[in-house]
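The values are calculated or read from the model by the stated rules, or taken from the named source; none is laboratory data. This structure is a prediction, so every number in the text was calculated from the model and none was measured. Backbone-built Cβ (ideal geometry, glycine too); neighbour counts: all protein chains shown. Keep in mind that these areas ignore ligands, DNA and RNA; they rest on the heavy atoms of the full protein, side chains included. Shrake-Rupley method; radii C 1.70, N 1.55, O 1.52, S 1.80 Å.
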Amino acid sequence: MGLMKKVKKYKLMRKIKFEEIAKKWLEMKKISIKESTYYNYMFIIDKYLMPTFKDANLRKLVDYNYNEFVQKLKINLSVKTVRDIGNVLKSILKYSQDEYKFTINLKSINMPKLNVTKIKVLNKREKGKLERYCLKQNTLKSLGVVVCLYTGLRIGELCALKWEDIDIEEKIIYVRKTLQRIYMEKENNSKIIINSPKTNSSVRRVPINNKLYEILKPLKKDYKNEDYFLTGSSEKYVEPRNYQNLFKIFLSECKVKPYKFHILRHTFATYCIEVGMDAKSLSEILGHSNVNITLSRYVHSSDKIKKKFLEKL
């Protein structure tokens with residue numbers, strides 16, 4: 001590289017700031033990601049990256065000690081949150097490398113490893129008590145819990161579910177949307193977004209078993225296609241946070257210890273494995289992007305299942 005080019009590049013590296021790079025990266029990503037993902041990236045940039053890197057120029061970014069930054073994040077944040085922040089930062093730095101032709105050793109940035117924790121599920125007694133309670137209540141909101149116990153729907157998918165998504169004749173639930181509240185740091189505000197689920201594979205057909213069919217069939221005629229399942233209204237929906245709080249009340253009233261709503265999905269998946277469902281079929285029902293996610297999370301068979309198969313040898 002000639003002297004003039006080196007001088008020009010050096011001046012550019014002093015001039016270009018992280019704030020400008022991040023803004024360009026976000027605009028570039030906007031065309032290919034969902035609105036909820038866009039606001040999540042914006043939140044990470046504004047809350048976690050700007051306080052440290054806002055005025056850093058390219059020269060400083062080349063020499064910055066990113067592992068020290070990661071260690072500071074780990075003090076007050078979960079491993080998953082630190083990894084999410086780190087992935088956004090790495091993506092912005094990769095974009096800046098390609099855009100301005102300079103090099104950062106991204107592989108040297110070490111992200112904390114996710115702790116592998118045992119999946120919690122409802123045992124048979126807890127599952128039975130919760131299911132009986134919800135059936136006895138016989139409200140749309142209580143029956144939403146039963147739907148998730150037999151389909152593995154995520155809470156946002158259930159909140160976005162409409163009666164038009166439930167095909168009683170074909171015994172199929174079509175998962176097409178998810179509902180979530182997203183927070184906008186700059187506007188100091190939040191809003192509800194209803195859009196397609198997290199990945200393409202999350203848009204899926206979930207079979208309705210006979211038990212759930214008998215519950216849903218007599219209800220279908222009472223509601224319009226455009227009505228939300230949980231409210232029976234086309235105008236009103238239930239937010240995931242509010243439904244999570246209601247779920248805690250259900251658990252309390254039927255004398256089951258408090259769990260997060262996601263335990264219903266884990267319970268469904270685990271019981272599917274226990275009755276012999278193959279991982280590929282379960283992966284499609286759950287809407288995982290690939291079967292390895294299902295295998296890593298749920299195919300940790302209990303000793304009882306292992307013994308059952310070993311007895312066949």
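One residue stands out in region 247-302 among those that are hydroxyl-bearing (Ser, Thr, Tyr) and part of a loop (DSSP other than H, G, I, E, B): the one that is most open to solvent (accessible area, probe 1.4 Å), namely 289.
Which residues, counting only those in region 79-105, are within 15 Å of residue 65 (Cα to Cα) and over 26 Å from the mean Cα position of the chain (by Cα)? Across region 79-105, the qualifying residues are 103, 104, 105. Looking at region 103-110, can you tell me whether even one residue there is β-branched (Val, Ile, Thr), closer than 30 Å to residue 249 by Cβ, modelled with pLDDT under 95 and open to solvent by less than 60 Å² (accessible area, probe 1.4 Å)? Within region 103-110 (the criterion being β-branched (Val, Ile, Thr), closer than 30 Å to residue 249 by Cβ, modelled with pLDDT under 95 and open to solvent by less than 60 Å² (accessible area, probe 1.4 Å)), the answer is no, since none of the residues qualifies. Restricting 95, 66 to those that are among the hydroxyl-bearing types (Ser, Thr, Tyr), within 17 Å of residue 111 (Cβ to Cβ) and crowded, with 17+ Cβ neighbours inside 10 Å reduces the list to 66. Among the residues making up region 204-257, those that are acidic (Asp, Glu) and free of Cβ contacts under 8 Å to residues at least 24 places away in the same chain are 214, 222, 235. For region 239-273, the set of residues classified as over 19 Å from residue 131 (Cα atoms) and over 18 Å from the mean Cα position of the chain (by Cα) consists of 273 only. Would region 111-120 turn up any residue that is of a type outside the set (Asp, Glu) and either at pLDDT 95 or above or under 14 Å from residue 261 (Cα atoms) (or both)? Yes - at least one qualifying residue is present in region 111-120. Restricting the first member to region 76-89 and to residues that are over 17 Å from residue 37 (Cα atoms), and the second to residues that are open to solvent by less than 40 Å² (accessible area, probe 1.4 Å) and not in a helix (DSSP H, G or I), the beta-carbon pairs closer than 8 Å and six or more apart or on different chains are 79/112. Residues considered: 170, 226, 214, 239. Of these, the only one that is more than 17 Å from residue 268 (Cα to Cα), at pLDDT 95 or above, touching a Lys or Arg at 6+ places or on another chain (Cβ under 8 Å) and loosely packed, with under 13 Cβ neighbours inside 10 Å is 226. Number of residues in region 206-238 that are more than 17 Å from residue 135 (Cα to Cα) and aromatic (Phe, Trp, Tyr) equals 3. Which ones in region 132-167 are open to solvent by 60 Å² or more (accessible area, probe 1.4 Å) and within 18 Å of residue 268 (Cα to Cα)? 132, 135, listed by residue number. Across region 50-63, what is the number of residues that are assigned to a helix (DSSP H, G or I), touching a residue at least 12 places away in the same chain (Cβ under 8 Å) and closer than 21 Å to residue 107 by Cα? Final tally of qualifying residues: 6.
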